[in-house]
């Protein structure tokens, strides 16, 4: 009589399947708990790269904010000087986040070397091109002001002068203030309204400077020329910021009395020229340009203002 064959899987197979499932879950958990030391991996990868002499140069699409596993905006190694917009890391250790800027290069011994004459001239021309562009922007803003105040300029009530990254709007006493008074004439307020609209579009810090002639003044309200120059500058400042279209943080008010004349005080015509309020718009220069100019020209920060004025001429 043949043995009867039981249908279905053996009972032990269920126990075996449960055991395999538990082992698989165990190893999955082990894998999920594991961590990769990214910094150590990058150091090992960098050592392998240096050993085989591989070094990538990648054009930057933006300023790198630091090292990252997925950020590839800059490549290691000190770069040769170039006028192109390429940013490279300073060191072979790619775990450092120090970037090198300026007009220097690494010598064969790995140290800094001075640029040769051709490189210095290329760097100087690059800086000068940037400065000329900034000067053209200032002259464009001055043309806007001259267009707005063309009638007042023709009537010699207002003068506009430009320097390097500065615009001076000189307001004469005639038409703006009565003699010995710090109260603006009502007829001059529309002129300041036009100035207010222009200042909202023109960038830069604004200094409002009051000036007088050398004739003394002594009244109960205004005892000295220092008071008169300061109060006139303050009146102009209030008129420019009263509608809050221009940020008041851009302004400073200064009274110079008769300490900075533009003409002698010997005649009535010259004294009239000295009685004025000047609105000086200073637009400044980027700090990076100043640093690079200091390297190329070898001038100190105290000499920059005079150097810029000579450059504009």
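Taking other Cβ atoms within 10 Å as a rough exposure proxy, 226, 12 sort from fewest to most as 12, 226.
Before anything else, pin down the relative contact order of region 151-289: Cα pairs under 8 Å, at least 6 apart, normalised by residue count, whole percent.
Rounded, it is 34 percent for region 151-289.
Look at the Cα gyration tensor of region 124-312: its axes a ≥ b ≥ c give a/c of at least 1.5 with a/b over b/c, and that counts as prolate. D by Stokes-Einstein for region 146-193, Kirkwood Rh over Cα pairs, 10 °C, 1.306 mPa s: 137 µm²/s. Counting only DSSP beta bridges whose two residues both lie in region 124-312, roughly 80 percent are antiparallel.
Every read-out reported here was derived from the displayed coordinates using simple, explicitly stated rules and does not represent laboratory data. What you see is a predicted model; the values in this text were computed from it and never measured. A quick note on method: Cβ atoms are made from the backbone with ideal geometry, for glycine too, and the neighbour counts reach across all protein chains shown.
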